[in-house]
1. Among the residues of region 499-556, which ones are part of a helix (DSSP H, G or I), of a type in the set (A, V, I, L, M) and touching a residue at least 40 places away in the same chain (Cβ under 8 Å)?
2. All but one of (1) more than 20 Å from SER340 (Cβ to Cβ); (2) out of contact with any His (no Cβ under 8 Å at 6 or more places or on another chain) hold for PRO232; which doesn't?
3. Considering each of LEU195, LEU177 in turn, give the residue that is away from the ligand (no atom under 16 Å from the Cβ), of a type outside the set (S, T, N, Q) and within 38 Å of the chain's Cα centre (by Cα).
4. Those residues that are farther than 18 Å from HIS259 by Cβ and either in the same structural domain as THR405 (by TED's automatic domain parsing) or touching a residue at least 24 places away in the same chain (Cβ under 8 Å) (or both), I need them from region 346-363; list them, please.
5. Considering only region 492-547, state which residues are under 44 Å from the mean Cα position of the chain (by Cα), farther than 21 Å from LYS584 by Cα and either of a type in the set (Gly, Ala, Ser) or outside the structural domain of GLU579 (by TED's automatic domain parsing) (or both).
6. Take the residues in region 290-305 that are surrounded by 18 or more Cβ atoms within 10 Å (Cβ to Cβ) and under 19 Å from the mean Cα position of the chain (by Cα); name whichever of them is farthest from VAL455 (Cα to Cα).
7. Which of the following residues is assigned by TED's automatic domain parsing to the domain that holds THR347 and either touching a residue at least 12 places away in the same chain (Cβ under 8 Å) or of a type in the set (S, T, N, Q) (or both): LYS261, LYS296, LYS196?
8. What number of residues within region 139-191 are aliphatic (A, V, I, L, M) and either loosely packed, with under 15 Cβ neighbours inside 10 Å or over 21 Å from LEU16 (Cα atoms) (or both)?
Amino acid sequence: MAKQVQSFNAEIKQLLDIVIHSLYSHKEIFLRELLSNASDAIDKLKFQSLTHPSLLPSDWQPTIRLSPDASTKTLKIIDNGIGMTQEEVVEFIGTIARSGAKAFMQMNAEMKTKPELIGQFGVGFYSAFMVADKVTLHTQKAGSNDGTVWESQGDGTYSLESVPRPEGTGTTITLHLKEFQEEEEVQNFTDAWVLKSLVKKYSDFIAHPIKMKGEKEDETLNSQKALWLKSPSEISKEEYKEFYQHLTHDWNDPLRTVHYKAEGTMEFNALLYLPGKKPWNYNMRDMEYGLSLYIKRVFIMSDCKDLLPSYLRFVKGLVDSSDLSLNVSRELLQQDRQVSQIRKNVTNKVLGTLKDLLSKERTAYEDFWTEFGATLKEGLPSDSSNKEKLQDLILFHSTSSDKMTTLEEYVTRMKETQKDIYYITGDSLSQVHNSPYLEKLKEKGFEVLLLVDPVDEWVVSSLTEFKGKKLQSITREGLDLDTEEEKQKKAEEKKQAEDTLKPVLDSMKKALADDVKDVVLSDRLTQTPACLVSSSQDPSAHMQKLMSQMGKEYSTPVKRILEINPKHPVFSKMLKASEEQQKKWAEILYAQALLTEGSSLPDPVKFSQQVAELMVQAAEGQH
Ligand code: ADP
């Protein structure tokens, strides 16, 4: 194929513009990014050769090489990894929009001061343009006899040409280094000493040798030590942190590091990290999660989902097993008994670490909870074997204070006359905080948990009890708040109200027959005239709303019960109204109850007309 010139897509153009013109500090991180790509490429080739041994040349030794040349002002980074086909070059380095490039652009104000963040976005290759005004990439895919030369000056276009790579499989990246002014304090990247110290600083953990020609013979610049195989007492905090950055490209400190060796029925080493902050693509569809898997120090794969339940998908790190067979494939891993034992063990360890954090460092735990609490909660409906542990780890908002609370703490604050643990679900704290369903509980001084994460509905459907106390929704029928004594006292009053208001109840039932199951008196409310409650077996209104947002409507709409507050003056007035008026008022009260619980109105226009009509009538009545 003759040489052809193509344009970068708009996002990559903008990205390059920022990289070239706005990133001033830490330019040296380009080396870390390119070395990490080279190392990944070797890992990929090694993994593929497990099933396709013919991909490896006979005397293949994984090597990354740095080749600086001061006379031409170039630096080459050479690997004998998997290489890329021409299509892959175009896809990975060229034109196809990658979500990371977009996210990087959106963050660019912050990026300008923190160029070291670029690697997180999966666009690390472009950091080469911080130090080079021309980049040439020559690559050849394992198994192919043809190579590709890609070249660009970062100015909006790149060229492509088919040329076999003399060294065969692998990739050579040549950086034509920029001229820097003295005052810019940019290091000389053709200087052996500079390169050596950068490799030590950023890439010492890379598992393959990074070589450079020394005065007499080749020198290996990195120690290649597998950090996770050392004893924790020999590892400094700084080393753990650097390894975390190497693994995740996250420049922030991890919140916690968990490093241990499992012994007994199965043996493995694990080095796990709880990140402090969500990565930019957390919970996005293309987010990968899982631990890296090594078998006897050989890298098998990154993002191995079988090693981590999805509700712990924020955990980063690796597992190195000495028991698994090297001939594993992704499909086989899923069924492997040892793999599921490792997952169980890792899960226990992480939950134990969180428990420890909660009891010893509450503020740090609360920070963790803000980032990842909603994810961890998914474990309750999905992992019944760890229910006991998970229920102790949940934090809830509550009516008692702005601080979040555990269930244990809630129980210690329960009033003597309080039977159950009360909660309400809804869309937002502000909505549930003012909910009329809280009226009577406030009066009694009972604390209510405020559940506003979508996942909470599933949490409470699997967590129905805590230490012998029932979790009771305050938007369900039969909310039993009074003591026997109080009930006896109120019985007479209730009987009387029922007798007097019977005609109102009857006409409301008739008017709302299509909308509600029943209309009953209630003492749940103190100021609000009416509210809707769900039967104990039915899904809550909030659950129905969530399901419908997910495109899952219930086949027959679930009707609820309208509870009315007999002490509210509207009902004694209603007694005297005509049947026609009673019907209208019933409809308005029902609509108000829908709004109160956070539902939308089936016919908002009708409702506003009815209210306007009432206003006119009220005004006329006053004259
Ligand atoms: P990231 O490495 O985070 O995915 P990069 O922009 O650094 O993002 O690289 C994009 C892709 O290009 C890589 O995922 C990889 O598939 C490919 N790539 C980059 N460098 C090499 C290399 N030396 N050998 C083989 N493939 C490479």
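The values are calculated or read from the model by the stated rules, or taken from the named source; none is laboratory data. What you are looking at is a predicted structure, and each value in this text was computed from that prediction instead of being measured. In this analysis, Cβ positions are derived from the backbone assuming ideal geometry, glycine residues included, and neighbour counts consider all displayed protein chains.
1. Taking region 499-556 first, the residues part of a helix (DSSP H, G or I) are 499-511, 541-549.
Right, trim to of a type in the set (A, V, I, L, M) and you get 501, 504-505, 508, 511, 541, 543, 546-547.
Passing the criteria: LEU501, VAL504, LEU505, MET508, ALA511, ALA541, MET543, LEU546.
2. (2)
3. Details: LEU177 fails: within 38 Å of the chain's Cα centre (by Cα).
Every option except LEU195 fails the conditions.
4. LEU358
5. Within region 492-547, SER522, SER534, SER535, SER536, SER540, ALA541 qualify.
6. Ranking the candidates gives SER292 first.
7. Details: LYS261 fails: either touching a residue at least 12 places away in the same chain (Cβ under 8 Å) or of a type in the set (S, T, N, Q) (or both); LYS196 fails: assigned by TED's automatic domain parsing to the domain that holds THR347.
Answer to the selection: LYS296.
8. Step one: list which residues in region 139-191 are aliphatic (A, V, I, L, M), which gives 142, 149, 160, 163, 173, 175, 177, 186.
Subsequent filtering for residues that are either loosely packed, with under 15 Cβ neighbours inside 10 Å or over 21 Å from LEU16 (Cα atoms) (or both) retains 142, 163.
Selection size over region 139-191: 2.
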